[in-house]
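The values are calculated or read from the model by the stated rules, or taken from the named source; none is laboratory data. It should be emphasised that the depicted structure is a prediction, and the values quoted were computed from it without experimental measurement. Quick reminder, even Gly has a Cβ in these numbers, built from the backbone with ideal geometry, and neighbours come from all protein chains shown.
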Amino acid sequence: MKKFIIIIFTFLVCSIQGQESTSIQKIWTLEDCISYALENNITVKQAELQKNSAETNLMAVKSSRLPNLTGNASQNFTNGNSIDPITSDFVSQQINSTSLGLNSQLTLFQGNQINNQIKQSKLLLDQSSLFEEEAMNDIRLRITESYVQLLFSKENISIAENNLSASQTEEQRAKARFDVGSIAIKDYTDAQSQTATNKYALITAKNDYAQQLLTLKQLLELQPSDTLEIAEADSVNMSIIPSLDVVYSEAFQHLPEINASKVNISVAEKELDIVKGGYLPTLSLNGSIGSGYTSTRDFNFTDQLDLNLNQRVGLSINVPIFNRNKTKAEVENAKINIDIAELELVQDEKDLYQKIETAWQNATAAQGQMQAAEVARNAASESYRLAQKQYELGALSTTDLVISQNIYTNTEQNYIQAKYLSLLYTQLLQFYQGNEIKI
């Protein structure tokens, strides 16, 4: 009995420990979010499926070099004057016939179109791989932006909570002083108004955090009911901003959207080679084997299959003479598509340069704003601390205290905004240089 009690007790302890361990929530770092999104995000999965489709298309085009093989069988019943389908004799009687056969065709030359189609399919596969990489990079940037915004919203809640706690304390002091008649009712209502304003600000900050959290969950393909808690960011240091030309040069070399545009030009050029093949003849090798049975002959089914066996091998050539200018129009359109692809590359390069320069300018501005905001925040914090001391001693009105608190709140919010903007845009510059994003 004693052993049984010990076993039950051990089981209960293990169960409780297991429940406690499962109740511990995972803290998501930025690296965790990016890694999880790359495996689960719908956009990334769609890009992967498109690449798989390109691989299948390449396999199909390569298989066009192989000969085809088809089989046919037919059973016919004929009455009256007719040609025997097996013996080709003219007969006037009922015929019950069976025909069996295999046919094959191999394209020997088709204006080099098959080789060019294979090369084009390989280029399309390379391009789809670049599109997949571009989708992955896009989700990395969107996750980073959402994560930094969430960090900002989280810290903004802390500021709102501290302001509310301070205003509640000040309201209590104002009420006590009003009750003994040392301040006017306006001072007391100013304190009440400030508390209500700070409550409103806290509700707004929490709602903004919830909205940003929902955005991150959707990027991660999590359910709204799933819990998600992010890790705190390391201290934001004033890192050296690289030269704009250096960032652009490195981004131009490795970013997939630029390389994909270059491949698109090669795809269009290969399409021109393919359609030009329409001017050339097509040479094919044909072969067939067949046999059959007819009721007009006095042999059984098996013997006739052997007696009627026939084989055929032949070459056929198809020379295009005039197809109503179809090939000519396809060639002209292919040339136009090359020009379009080249213009798209120029536009993609311009768009990339604009993105990089915008990030560079924002990073430079954010660092300067962060320095100025830090000085303003420290000064406003000291002013607010002194104002609180004066208010406790009755040497400062509630209105002046509220003004001091609002100034401090604004400088604090300006500082954290500049801090996280600096963090975001410096990381974007690191990304454009091919470096890993880290927060």
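Kindly establish whether S288 is assigned to a strand (DSSP E or B), closer than 15 Å to N112 by Cα, touching a residue at least 40 places away in the same chain (Cβ under 8 Å) and over 42 Å from the mean Cα position of the chain (by Cα). It is false that S288 is assigned to a strand (DSSP E or B), closer than 15 Å to N112 by Cα, touching a residue at least 40 places away in the same chain (Cβ under 8 Å) and over 42 Å from the mean Cα position of the chain (by Cα). Note on the range 41-69: residues that are within 10 Å of the chain's Cα centre (by Cα), touching a residue at least 40 places away in the same chain (Cβ under 8 Å) and part of a helix (DSSP H, G or I) amount to 6. Counting only residues that are within 15 Å of D273 (Cα to Cα), surrounded by 13 or more Cβ atoms within 10 Å (Cβ to Cβ) and either touching a helix residue (DSSP H, G or I) at 6+ places or on another chain (Cβ under 8 Å) or of a type in the set (G, A, S) (or both), the range 315-331 holds 3 of them. Here F322 meets the list (1) closer than 28 Å to S261 by Cβ; (2) of a type in the set (F, W, Y); (3) free of Cβ contacts under 8 Å to residues at least 24 places away in the same chain almost entirely, failing just condition (1).
Counted as qualifying within the range 80-133 are the strands (runs of 3 or more DSSP E) with 2 or more residues that are within 30 Å of G314 (Cα to Cα), namely 81-83, 95-110. Among the criteria (1) surrounded by fewer than 13 Cβ atoms within 10 Å (Cβ to Cβ); (2) within 30 Å of T144 (Cα to Cα), the one T43 does not fulfil is (1).
Here is a yes/no grid of residues against (1) under 30 Å from the mean Cα position of the chain (by Cα); (2) of a type in the set (S, T, N, Q):
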site: I340; (1), (2): yes, no
site: K355; (1), (2): yes, no
site: W360; (1), (2): yes, no
site: T364; (1), (2): yes, yes
site: A373; (1), (2): no, no
site: R377; (1), (2): no, no
site: Q388; (1), (2): no, yes
site: E392; (1), (2): no, no
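To keep it simple, each residue is scored yes or no on (1) of a type outside the set (A, V, I, L, M); (2) buried (at least 18 other Cβ atoms within 10 Å of the Cβ); (3) in the same structural domain as D400 (by TED's automatic domain parsing).
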residue	(1), (2), (3)
N333	yes, no, yes
E349	yes, no, yes
A366	no, yes, yes
A372	no, no, yes
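If you filter the range 425-439 down to residues that are under 17 Å from E133 (Cα atoms) and of a type in the set (A, V, I, L, M), you find that the one that is modelled with the lowest pLDDT is I437. Scanning the range 193-208 for residues that are in contact with a helix residue (DSSP H, G or I) (Cβ under 6 Å, 6 or more places away or on another chain) and either outside any helix (DSSP H, G or I) or not charged (D, E, K, R) (or both) yields Q194, T195, N198, A201, L202, A205.
Name the pairs: first residue in the range 398-411 and assigned by TED's automatic domain parsing to the domain that holds K175, second residue β-branched (V, I, T) and in a helix (DSSP H, G or I), Cβ to Cβ under 8 Å, at least 6 apart or on different chains? Within 8 Å, the pairs are T409/I159. Take the conditions (1) exposed (fewer than 12 other Cβ atoms within 10 Å of the Cβ); (2) among the hydrophobic types (A, V, I, L, M, F, W, C); (3) at pLDDT 95 or above; I8 misses just one of them, which is (3). Every residue in the range 233-283 that is part of a helix (DSSP H, G or I), touching a residue at least 12 places away in the same chain (Cβ under 8 Å) and over 30 Å from K122 (Cβ atoms), please. Of everything in the range 233-283, those that are part of a helix (DSSP H, G or I), touching a residue at least 12 places away in the same chain (Cβ under 8 Å) and over 30 Å from K122 (Cβ atoms) turn out to be L244, V246, V247.
On the stretch given as the range 63-120, residues that are surrounded by fewer than 15 Cβ atoms within 10 Å (Cβ to Cβ) and acidic (D, E) total 1. Scan the range 294-325 residue by residue and report those that are within 23 Å of S104 (Cβ to Cβ), over 49 Å from the mean Cα position of the chain (by Cα) and in a strand (DSSP E or B). Within the range 294-325, N310, Q311, R312, V313, G314, L315, S316 meet the criteria. Checking the stated criteria, L352 turns out not to satisfy the condition of being in a helix (DSSP H, G or I), more than 24 Å from N137 (Cα to Cα) and touching a residue at least 40 places away in the same chain (Cβ under 8 Å).
Determine whether the range 297-312 contains at least one residue that is at pLDDT 95 or above, crowded, with 17+ Cβ neighbours inside 10 Å and either within 30 Å of A135 (Cα to Cα) or in contact with a strand residue (DSSP E or B) (Cβ under 9 Å, 6 or more places away or on another chain) (or both). No, every residue in the range 297-312 fails to be at pLDDT 95 or above, crowded, with 17+ Cβ neighbours inside 10 Å and either within 30 Å of A135 (Cα to Cα) or in contact with a strand residue (DSSP E or B) (Cβ under 9 Å, 6 or more places away or on another chain) (or both).
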